[in-house]
Amino acid sequence: YWNDSDAAVTFKRFDRWGGQDRYVYHGNDGTSFPWNDTAQLDFLNPEVREHVIQVILDVARRFPVIRFDAAMVLAKKHIQRLWWPLPGAGDGIPSRAAHAMTQAEFDARMPNEFWREVVDRVAAEVPGTLLLAEAFWMLEGYFVRTLGMHRVYNSAFMHMLRDEDNDKYRKLIRDTLEFDPEILKRYVNFMNNPDEKTAVEQFGKGDKYFGIATVMATMPGLPMFGHGQFEGFSEKYGMEFRRASLDEAIDPWHVARHEREVVPLLHRRGDFAEVRDFLLYDVVGDGGVIDDVLAYSNGSGPTRSLVLYHNRYGEAAGWIRDSVAFAVKESDGSKRLERRTLAEGLHLPEGDDWWLAFREQRSGLEYLRPVRELRERGLFVSLRAYETQVLWEMRELHDATGIWRRLAERLGGAGVPSLEDSLRELQLAPVHEAVAAAVRDPDRERIEAALRAIAEATGTTGDAGAIAVQIGERLARVDEVAPSTAGEAVEAATAAEDSAAAAAREVRSTLLVWAATASIGALAPGAPVAPTSRAWYEELRLAPVIARALRDRGLDEGAAWAVAERVRTLVDLPVPATIGGPARTAAARLLEAWLGHPDVRRSIRVNTFEGSEWFHQESFDGLVDWMERLDRVLTPRDARGRAPVTRDAIGRALREAAAASGYRVDRLRDALAGGTPAGRRPGARSGERGPRTVKAALPPGPRRKS
């Protein structure tokens, strides 16, 4: 028995007192070796049956769940086949042919199914006990339909899907639905158990495994994961194991894919476990029904879902419209068969101006489909080999204005991360087109067109023409600050151009885009220009539009996005021309305005270490450089000499204070507080200078110079 070479059908019992020999059969299901640690009971004996039932009832009084191992061997047909065969029939167990019995005699000695008696007695004497049966040999349906077992291990799930007997599995589900859909709730679906090969050995670790695991997690009933299945272990465990014999490491990729694709479904098992709204659909292709595709829906309202799985190596495409038949019980106890369409199964509304939005769980993308088409033709699906799709988070959208129809036409059936974001982009398309044109060729006509588009989108009434003139003047001053080396706007870089030329193009591009966007807030009369411009830059989603337009002008991808993100920071950056107030404290007030700006703090890399805030000097110096450039663009040439304090003086003060601070924010503030000249210690005598570099122990980080 232990080395799989042989096993005894019976064991010999010798009575030393009476000198008698008896031979007792071992338990045996006729498929392999007898179970040499068991003795077979004679279930034709009513006293034996009653005694076993009493043991079951006694256990039921102690535990709410009872599992019956190898329960199929006690079905009447298998008791007869193995132990009391019909005359002339092959013996299921060696030597039992000599104990043949007619059908009439067998039925007289065992008139009822043993398990039916067990279920009825437990229901009457210990109600509330859950009875779970292990029943193979295609008896799963018989155990729950006829014998009334509460749960049964569904080995057909594992075997049929593993072997890709997809037509047989769909027939099993169809037959169950036609008999009683509630039966589906009683199946315990699994992909391995201690008697079978491990899940990874049977199904691998690829799309087929995760497709079938998804079906297991979303079918009505109970999913059962075997020991080591999530971890990807390949060793088969049995009851005789005290510990693993293989030193297997957990497969992190396998676990991560479970957590990404299967665990979210298990967290929502309540949406899948019931059968009240469960429907199995036919997927119809050019050649008829495609049995290789499982398609079923469940739930209602926000819990609705549609699960698709293609269990074959190949491709499949077809329409899902009609469900298979399912039984509906009448009030008089009779039943009728009914079919429903996909639209009925998903409880979709009537009318032509409705759209269904849903998200595909694997990709996270949202899709849009017209309800009218779903009602008339159904849903078209195309699946690759072993591909799985779980469509959920469904919601109906009423399209009174036709905006969802226009979005659907724009998407062409494709999925997007967010339908709401895509709808907003559609609504902003006129703004984006006008802004992109102005960035590609910033002349007055295109700038004014962009301003008018922004005014219409924001509902403002500012003078677009006057603002365009102001922007044009600032664009002209950009040439003074960052002249074009080619004598024209930004052009494509050639391989021979060095990094300095590329940096100069990036600076010029930043100034051009900033000059064109920093004044758009003036379209809202009475509102502060800078904060409004910043808010609209975000709300109108201008950054990706600007980046695309700059790529059209020749900047590479990285530089284009760097400009768009830099403008996000600069569009409302306080500069000397806008700060106002006494000249003596201008640098300190400008610094406080910067430190109160979250994007500025990020740009100079403010970080906290050991209770103090630090900043990055090169980034800070770069910000001062941008402040000086912007101030030059903002200030007309004839007004620069009349400024109460020059930008150069403020820039110099900020740079010297930064160097003297040792890159600590509090020391930077101290250096500028009260208009103290940069670098002088507060309270020091005139001419006494503070340390140019603080020697305190500084934490590692981006604040220090490279």
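List of remarks:
- Per-region count, region 582-609, residues touching a Phe, Trp or Tyr at 6+ places or on another chain (Cβ under 6 Å), outside any loop (DSSP other than H, G, I, E, B) and touching a residue at least 40 places away in the same chain (Cβ under 8 Å): 1
- Pair list, Cβ under 8 Å, 6 or more apart: region 503-515 residue under 8 Å from V478 (Cα atoms), other residue modelled with pLDDT under 90 and of a type in the set (S, T, Y): R508/S484
- Among the candidates P636, P644, residue that is open to solvent by 60 Å² or more (accessible area, probe 1.4 Å) and either at pLDDT below 90 or within 20 Å of P582 (Cβ to Cβ) (or both): P644
- Qualifying positions in region 361-410 - more than 23 Å from the chain's Cα centre (by Cα), surrounded by 17 or more Cβ atoms within 10 Å (Cβ to Cβ) and of a type in the set (D, E, K, R): R375, D399
- Near pairs, Cβ below 6 angstrom, 6+ apart or cross-chain, from region 456-482 (within 17 Å of T517 (Cβ to Cβ) and without any contact (Cβ under 8 Å) to a residue 40 or more places away in the chain) to any residue that is of a type outside the set (S, T, N, Q) and open to solvent by less than 50 Å² (accessible area, probe 1.4 Å): A468/I447; A468/E448; A468/L451
- Residue within region 56-76 that is among the basic types (K, R) and in contact with a helix residue (DSSP H, G or I) (Cβ under 8 Å, 6 or more places away or on another chain) present: yes
- Leading residue by the ranking (nearest to I212 (Cα to Cα)) among those in region 365-387 that are of a type in the set (F, W, Y) and assigned to a strand (DSSP E or B): F380
- The residues of region 150-180 that are in contact with a strand residue (DSSP E or B) (Cβ under 6 Å, 6 or more places away or on another chain) and open to solvent by 20 Å² or more (accessible area, probe 1.4 Å), listed by number, are H150, R151, Y153, E178, D180.
- Listed here are the strands (runs of 3 or more DSSP E) enclosed by region 242-333 that have at least 3 residues being in contact (Cβ under 8 Å) with a residue 60 or more places away in the chain and under 20 Å from the mean Cα position of the chain (by Cα): 305-310.
- Region 334-360, residues that are over 28 Å from the mean Cα position of the chain (by Cα) and outside any strand (DSSP E or B): S334, R339, R340, E350, G351, D352, D353
- No other residue among R121, R81 is at pLDDT 90 or above, basic (K, R) and more than 19 Å from S32 (Cα to Cα) apart from R121.
- The residue that is least open to solvent (accessible area, probe 1.4 Å), counting only those in region 465-487 that are farther than 10 Å from I520 by Cβ and β-branched (V, I, T), is V478.
- Residue match in region 26-35 (condition: farther than 25 Å from T146 by Cα, over 52 Å from the mean Cα position of the chain (by Cα) and without any contact (Cβ under 8 Å) to a residue 60 or more places away in the chain): yes
- Summed over region 602-629, the residues that are within 37 Å of the chain's Cα centre (by Cα) and open to solvent by 60 Å² or more (accessible area, probe 1.4 Å) give a count of 4.
- Just one of the listed residues (G413, G462) is of a type outside the set (K, R), out of contact with any Cys (no Cβ under 7 Å at 6 or more places or on another chain), in a loop (DSSP other than H, G, I, E, B) and open to solvent by less than 30 Å² (accessible area, probe 1.4 Å), namely G462.
- Any pair with Cβ under 6 angstrom, 6 or more apart, that starts in region 204-223 at a residue that is of a type in the set (D, E) and ends at one that is surrounded by fewer than 23 Cβ atoms within 10 Å (Cβ to Cβ): D207/Y386
- Being modelled with pLDDT of 90 or more, crowded, with 17+ Cβ neighbours inside 10 Å and among the basic types (K, R) is a description that does not apply to R551.
- Evaluation of V59 against the conditions (1) at pLDDT 95 or above; (2) not in a helix (DSSP H, G or I) shows that the sole unmet condition is (2).
- Of all residues making up region 114-149, the number that are under 37 Å from the mean Cα position of the chain (by Cα) and surrounded by fewer than 22 Cβ atoms within 10 Å (Cβ to Cβ): 6
- Annotation: L523 fulfils all but one of (1) within 19 Å of Q470 (Cα to Cα); (2) surrounded by fewer than 18 Cβ atoms within 10 Å (Cβ to Cβ); the unmet one is (2).
- Qualifying positions in region 250-275 - crowded, with 16+ Cβ neighbours inside 10 Å, among the acidic types (D, E) and farther than 11 Å from T218 by Cβ: D251, E261, E274
- A search for C-beta distances below 6 Å between a residue of region 72-86 that is free of Cβ contacts under 8 Å to residues at least 40 places away in the same chain and any residue that is open to solvent by 20 Å² or more (accessible area, probe 1.4 Å), counting only pairs 6+ apart in sequence or on different chains, returns K76/E113; P85/D91; P85/A100.
Conditions (1) of a type in the set (S, T, Y); (2) open to solvent by less than 60 Å² (accessible area, probe 1.4 Å); (3) within 25 Å of D107 (Cα to Cα); (4) in a helix (DSSP H, G or I), marked per residue:
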position: R13; (1), (2), (3), (4): no, no, no, no
position: V24; (1), (2), (3), (4): no, yes, yes, no
position: L41; (1), (2), (3), (4): no, no, yes, no
position: F63; (1), (2), (3), (4): no, no, no, no
position: M72; (1), (2), (3), (4): no, yes, yes, yes
position: H78; (1), (2), (3), (4): no, yes, yes, yes
position: L82; (1), (2), (3), (4): no, yes, yes, yes
position: P85; (1), (2), (3), (4): no, yes, yes, no
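- R667 vs. criteria open to solvent by 20 Å² or more (accessible area, probe 1.4 Å), touching a helix residue (DSSP H, G or I) at 6+ places or on another chain (Cβ under 9 Å) and modelled with pLDDT of 90 or more: yes
- Restricting region 43-54 to residues that are under 52 Å from the mean Cα position of the chain (by Cα) and open to solvent by less than 60 Å² (accessible area, probe 1.4 Å), the residue that is nearest to V9 (Cα to Cα): V52
The values are calculated or read from the model by the stated rules, or taken from the named source; none is laboratory data. All figures in this text were calculated on a predicted structure; none of them were measured in a lab. Here Cβ is always computed from backbone atoms with ideal geometry, including for glycine, and neighbour counts include all displayed protein chains. SASA here: full protein model, heavy atoms, side chains in, ligands and nucleic acids out. Shrake-Rupley method; radii C 1.70, N 1.55, O 1.52, S 1.80 Å.
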